[in-house]
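**Student:** Here's a structure for you.
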Amino acid sequence: MRHAVSRLTIAAVVLAITAACGGKKPPTTNPNGPAPFPAPPVNTTPPPPPPPPDPLPVPPEVNPTTRPYDNLAPDDINKQSILKPVFFAYDSDEIDEAARKTLEANAQILKDYRTWVLTVEGHCDERGTPEYNLSLGDRRALAAKNYLQTLGINADRLKTVSYGKEFPFNPGHDESAWTQNRRAQFMVTTTK
């Protein structure tokens, strides 16, 4: 009998708790899937565009209006050896592969500095007669000038002169010196 009272007490407590909770049923899931979300309100005004980005500053080294040799006098340009000489084999005025590469680099500089006018100087080593060396120096200067013209440099910017053996780069009297003296050298004469 004691068990019957206990069971009766437990049943009364469960009934009281159920009544206190309002008898709500637990939520059930929708067998057709989740309920649709309500449609967002319609806005007829488009959002404002984002502000434009700030322009990036141009660093001075890549600014096309600032170039390192723009305001230099011809003598100062020549002192810096911007334009490299080309060298020739003994008794030759032929432009070899190394000379072509040097002339191509010089032509690019001349395209960047279109106001420069040059004198292409032809030089020889000390061997040979003065007359022969003047003639050979002239052919060397013309060969360098003509190659620059094929690279797009206007002839009116290029003058030639031959000094023969009169102005050696290296005053020595051996093959090492002679190799340096057989050359066409480029001197900026005016910058218009």
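The values are calculated or read from the model by the stated rules, or taken from the named source; none is laboratory data. This one's a predicted model, so the numbers in the text were calculated from it and none came from an experiment. Note that we place each Cβ from the backbone using ideal geometry, even for glycine, and neighbour counts take in every protein chain shown.
**Student:** Look through Ala184, Ala107 and report the one residue that is more than 24 Å from Asn71 (Cα to Cα), of a type outside the set (Lys, Arg) and in contact (Cβ under 8 Å) with a residue 12 or more places away in the chain.
**Tutor:** Working: Ala107 fails: more than 24 Å from Asn71 (Cα to Cα).
Criteria check complete, one pass: Ala184.
**Student:** So which of Asp91, Asp96 ends up being over 14 Å from Tyr147 (Cα atoms) and at pLDDT 95 or above?
**Tutor:** Asp91
**Student:** For the subset of the stretch 144-176 comprising residues that are surrounded by 20 or more Cβ atoms within 10 Å (Cβ to Cβ) and hydrophobic (A, V, I, L, M, F, W, C), which member is nearest to Leu134 (Cα to Cα)?
**Tutor:** Only one residue fits best here, namely Ala144.
**Student:** Do we find a residue being modelled with pLDDT of 90 or more and part of a loop (DSSP other than H, G, I, E, B) anywhere in the stretch 73-80?
**Tutor:** Yes: one or more hits.
**Student:** Filter the stretch 135-192 down to the residues that are polar (S, T, N, Q) and in contact with a Phe, Trp or Tyr (Cβ under 7 Å, 6 or more places away or on another chain) and list them by number.
**Tutor:** Step one: filter the stretch 135-192 for residues polar (S, T, N, Q), giving 135, 146, 149-150, 154, 160, 162, 170, 176, 179-181, 185, 189-191.
Scanning the stretch 135-192 gives Thr179, Gln180, Asn181, Thr191.
**Student:** Further question: Scan the stretch 121-136 for residues that are under 42 Å from the mean Cα position of the chain (by Cα) and under 12 Å from Tyr90 (Cα atoms) and report the count.
**Tutor:** Count: 4.
**Student:** Is it the case that Ala105 is modelled with pLDDT under 65, surrounded by 10 or more Cβ atoms within 10 Å (Cβ to Cβ) and either of a type in the set (Gly, Ala, Ser) or in a loop (DSSP other than H, G, I, E, B) (or both)?
**Tutor:** It is false that Ala105 is modelled with pLDDT under 65, surrounded by 10 or more Cβ atoms within 10 Å (Cβ to Cβ) and either of a type in the set (Gly, Ala, Ser) or in a loop (DSSP other than H, G, I, E, B) (or both).
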